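These notes are about the structure you will find just below.
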Amino acid sequence: MTDTLAIALTVLAVSAAIGGAVLLALLLRRQGTQPDAARDAERLAQLAEAMSAAQQQLAGRIAALAESSVAQQAELRRSVDERLDAVSKRIGDSLEQTTAKTAQTFGELATRLALIDQAQKNLSDLSAQVIGLQDILDNKQARGAFGEQILETLVRDALPESVYAFQETLGNGKRVDCLIRLPNPPGSIAVDAKFPLESYRAMADAPDDATRQTAARAFAADVQKHVADVAAKYIVPGETAESALLFLPSEAVFAELHSRFQPVIEAAHRRRVWIVSPTTMMATLTTVRAVLKDARMREQAGEIQKQVRMLLEDVVRLGKRVDALRTHFAQADKDIREIETSSAKIVRKGEQIEDAQIETGTPGIGGAPAAESGPERLSLS
């Protein structure tokens with residue numbers, strides 16, 4: 001912008017000079033034709049002088065303007081440099097912050113990707129386990145072993161080893177999954193694990209109401225068959241309790257049975273077969289443990305009474321010995337008092353003997369012998 005202004009001023013100065021020259025030429029041409037040549041020459045000289053002054057003034061202004069333009073250009077360059085430095089610094093700081101944030105973001109992304117990989121691995125493991133569990137549940141024999149394993153785990157965690165047995169053979173030749181030995185009453189309780197999964201799945205996966213009702217009837221029939229088997233095989237009069245437990249290792253099956261098949265539950269109660277799930281089985285085992293503790297306390301009640309009786313005898317014997325010791329203390333106190341009495345008498349007799357020696361051992365006044373006195377008898381009585 002400053003260079004453009006300088007160029008414009010230069011052009012203006014040149015134009016002024018050209019205009020002055022042209023005007024001067026016109027005046028000179030007019031001088032030859034005008035009658036008053038002297039006056040024109042004077043005017044021409046004045047005009048030339050004015051033009052020279054104007055040119056000098058214009059040159060001064062151009063020089064001042066050039067200096068001002070140089071100063072403004074320097075200031076503008078300095079301002080532009082400062083702004084460029086500030087912009088460069090801001091851009092550098094922004095790039096540095098962006099780089100740090102990008103590095104942090106990439107680090108967090110790497111960490112999350114690692115967590116995702118670990119979760120994916122866990123999901124793969126879980127999928128494999130679910131597939132394995134599915135294979136177990138699809139096999140009827142493996143499913144029965146699965147239910148027995150859950151039952152054994154619950155019983156082992158809740159009861160001492162001396163009160164239960166697994167795969168116990170009863171007097172009728174039937175082998176029960178678990179037999180919990182309790183004192184009479186109620187007697188030993190048989191627990192058998194059953195898992196009617198096929199009919200339950202058919203009922204849950206039924207596409208329509210008709211199929212669902214058919215599957216529900218099959219499910220109820222399976223449960224009733226298991227109840228009848230438990231009642232017939234594992235309730236043995238004189239050997240077991242009057243009731244038995246049917247263990248369902250699935251809370252879902254247990255909940256479905258109690259919510260929709262109440263007649264089946266009532267029929268099981270009439271046969272004195274109680275259907276339990278893992279949760280209710282744990283509550284039942286807690287009650288069994290309390291019964292065992294109460295029975296153990298009753299068994300030890302006689303021993304406790306015997307020990308209390310012996311303790312009372314020891315207390316009576318201790319009282320007698322305290323009385324004897326009190327008698328000894330009283331006798332010792334009496335003896336001490338008698339000894340103190342004798343000691344006092346001895347002291348008095350000693351003082352009497354000392355007084356008697358003083359009276360008989362001193363000669364009389366004027367040469368007269370002192371009166372004789374016989375020995376004095378001492379008495380300690």
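So here's what we get for this one:
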{"read-out": "Residue identified as modelled with pLDDT under 80 and either in contact with a strand residue (DSSP E or B) (Cβ under 6 Å, 6 or more places away or on another chain) or open to solvent by less than 100 Å² (accessible area, probe 1.4 Å) (or both) among Leu325, Leu378", "value": "Leu378"}
{"read-out": "Residue among Ala193, Ala228 that is aliphatic (A, V, I, L, M) and touching an Asp or Glu at 6+ places or on another chain (Cβ under 6 Å)", "value": "Ala193"}
{"read-out": "Filtered residues of region 252-274 (kept if part of a strand (DSSP E or B) and open to solvent by less than 20 Å² (accessible area, probe 1.4 Å))", "value": "Val273"}
{"read-out": "Of residues in region 181-192 being open to solvent by less than 50 Å² (accessible area, probe 1.4 Å) and not small (Gly, Ala, Ser), the one nearest to Glu242 (Cα to Cα)", "value": "Ile189"}
{"read-out": "Residue that is touching a Phe, Trp or Tyr at 6+ places or on another chain (Cβ under 9 Å) and at pLDDT 80 or above, where the choices are Ala228, Ala202, Ala241, Ala221", "value": "Ala202"}
{"read-out": "Filtered residue count, region 193-241, keeping only those that are assigned to a loop (DSSP other than H, G, I, E, B), free of Cβ contacts under 8 Å to residues at least 60 places away in the same chain and surrounded by 14 or more Cβ atoms within 10 Å (Cβ to Cβ)", "value": "6"}
{"read-out": "Qualifying residue in region 111-125 (condition: surrounded by 16 or more Cβ atoms within 10 Å (Cβ to Cβ), outside any strand (DSSP E or B) and either among the aliphatic types (A, V, I, L, M) or modelled with pLDDT of 85 or more (or both))", "value": "no"}
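The values are calculated or read from the model by the stated rules, or taken from the named source; none is laboratory data. Just so it is clear, the model here is predicted, and its values are computed rather than measured. Ideal geometry is used to build each Cβ from the backbone, glycine not excepted, and the neighbour counts take in all protein chains shown. Calculation scope for accessible area: heavy atoms of the full protein, side chains included, ligands and nucleic acids excluded. Shrake-Rupley method; radii C 1.70, N 1.55, O 1.52, S 1.80 Å.
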